[in-house]
Amino acid sequence: MQNDYSRIAAALAQNAVTKESFRKQLEQIIKLLLQDEMTAFLGYDAFHRPSHQKNCRNGFYTRQLNSRFGWLSVRVPRDRFGQFTAHTFKQHDDNILLEQLALSLRDSQATLAGISTLIQQLYQPHYDQPTVANLAQLILKQHHILKQHYMNTQLSGTYQESLVLPAVDNLREPSIIQVKIGLYLNSDDEVLTFTLPQSTALGR
């Protein structure tokens with residue numbers, strides 16, 4: 001699965017339109033993931049602080065994050081006691097797992113088990129199992145809500161492209177990925193989705 005998403009990222013990064021679309025969506029996805037990470041860290045949703053919980057959200061600070069898709073502007077949440085360290089992204093290292101998770105959330109053929117595996121790989125080194133399980137639940141719930149939104153929102157237009165997936169480790173032949181960028185009525189949002197040939201579908 002990781003090699004498949006590496007191939008998809010490489011293909012997207014070579015096309016100017018899809019590269020910029022995914023860059024913007026990667027910023028949005030990181031924002032959502034950071035909000036979920038803070039919720040899992042504190043143990044409660046925004047605006048629902050239990051009376052016994054002294055720590056709370058305390059605004060944001062901005063980080064510029066370089067990626068193969070261009071510079072990302074990341075708003076990192078803060079907590080009142082300064083105890084929260086974001087592990088969704090790495091400041092001075094590659095963010096391959098983050099890219100793979102972001103792509104899995106845009107993959108029309110991704111399974112919940114596959115997404116959960118990537119969540120585990122990204123966050124398990126930093127949190128205990130109950131916190132990671134809670135984080136996975138938050139992300140999967142948000143993924144479901146977004147998927148339903150995109151399915152039920154009328155398109156104002158689409159951009160479609162066929163991109164060549166490079167071979168990896170001499171184990172696969174180059175293949176074609178079908179990419180679609182949808183523009184939605186009554187919203188500035190766009191969403192990039194993709195479909196692989198059945199023979200190369202992720203997890204198959």
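No lab work stands behind these numbers, since they all come straight from the coordinates. All values derive from a computational prediction rather than experimental measurement. Note: ideal-geometry Cβ built from the backbone for every residue, glycine included; neighbour counts use all protein chains shown.
Going by C-beta contacts inside 10 Å, put HIS48, HIS143, HIS149, HIS92 in order with the fewest on the left. The partial results should precede the final answer.
On the way: HIS48 9, HIS143 18, HIS149 13, HIS92 6.
Exposure proxy ranking, most exposed first: HIS92, HIS48, HIS149, HIS143.
Among the chymotrypsin sites (Phe, Trp or Tyr not before Pro) in the stretch 9-49, those located in a DSSP loop and surrounded by at most 13 other Cβ atoms within 10 Å of their own Cβ are PHE47. Taking the Cα centre of the chain as reference, the dipole from Cβ charges on Lys and Arg (+1) and Asp and Glu (-1) amounts to some 440 debye. Candidates LEU183, MET38, PRO197 compared by Cα position along the dipole of the chain: farthest toward the positive end lies MET38, with charges placed on Cβ.
Tell me, what is the percent relative contact order of the stretch 155-200, built from C-alpha pairs under 8 Å that lie six or more residues apart? All intermediate terms of the calculation are to be shown ahead of the outcome.
Details: 75 pairs, mean separation 16.4, N = 46.
Relative contact order here is 36 percent.
For the chain, what is the calculated [θ] at 222 nm in deg cm²/dmol (nearest 500), taking -39500 (n - 2.57) for each run of four or more DSSP H residues and dividing by its residue count? Mind showing how you got there, number by number?
Working: 5 runs with 83 residues, N = 204.
It lands at -13500 deg cm²/dmol.
The stretch 100-169 and the stretch 28-74 have their alpha-carbon centroids 18 Å apart. Which loop trypsin sites (Lys or Arg not before Pro) in the stretch 35-84, with loop taken from DSSP, have no more than 15 other Cβ atoms within 10 angstrom of their Cβ? Taking the stretch 35-84 and a limit of 15 other Cβ atoms within 10 Å, the loop trypsin sites (Lys or Arg not before Pro) found are LYS54, ARG80.
Can you give the FRET efficiency to the nearest 0.05 for CYS56 and TYR184, using r as the Cβ-Cβ distance and R₀ = 30 Å?
The calculated FRET efficiency here is 0.35.
Loop-located chymotrypsin sites (Phe, Trp or Tyr not before Pro) in the stretch 75-169 (DSSP state other than H, G, I, E, B) with a sparse environment of at most 10 neighbouring Cβ atoms within 10 Å: PHE81. Entry note, the stretch 6-121: relative contact order of 25 percent, from Cα contacts under 8 Å with a spacing of 6+ residues. Find the percent of Cα-Cα distances in the stretch 155-200 that exceed 14 Å, and round it to a whole number. So the portion of pairs separated by more than 14 Å is 56 percent. A straight Cα-to-Cα reach below 23 Å connects LYS147 with the lysines LYS19, LYS24, LYS31, LYS180, residues fewer than 8 places away in its own chain not being considered. The shape of the stretch 64-119 can be summarised by an equivalent ellipsoid whose semi-axes, obtained from the alpha carbon gyration tensor, come to 24, 16, 9 Å from longest to shortest. On full extension, the segment bounded by GLU173 and TYR127 gains 12.8 nm, given 0.36 nm per residue less the C-alpha separation. Count Lys and Arg as plus one, Asp and Glu as minus one, and take only other residues whose Cβ is under 10 Å from that of GLY59; the net charge is then +3. In this Cβ point-charge picture (+1 for Lys and Arg, -1 for Asp and Glu), the stretch 85-174 has a dipole of about 360 debye about its Cα centre.
Once C-alpha pairs closer than 8 Å and six or more residues apart are averaged by separation and normalised to the residue number of the chain, the relative contact order reads 23 percent.
GNM remark for the chain: springs join alpha carbons under 10 Å apart, and the peak mean-square fluctuation among THR88, THR158, THR18 falls on THR158. If you wrap the chain in the convex hull of its Cα atoms and look at it from every side, the mean projected area works out to 12.4 nm². Taking R0 as 35 Å, what FRET efficiency do you get between ASP79 and GLN160 from their Cβ-Cβ distance, rounded to the nearest 0.05? Calculated value: 0.25.
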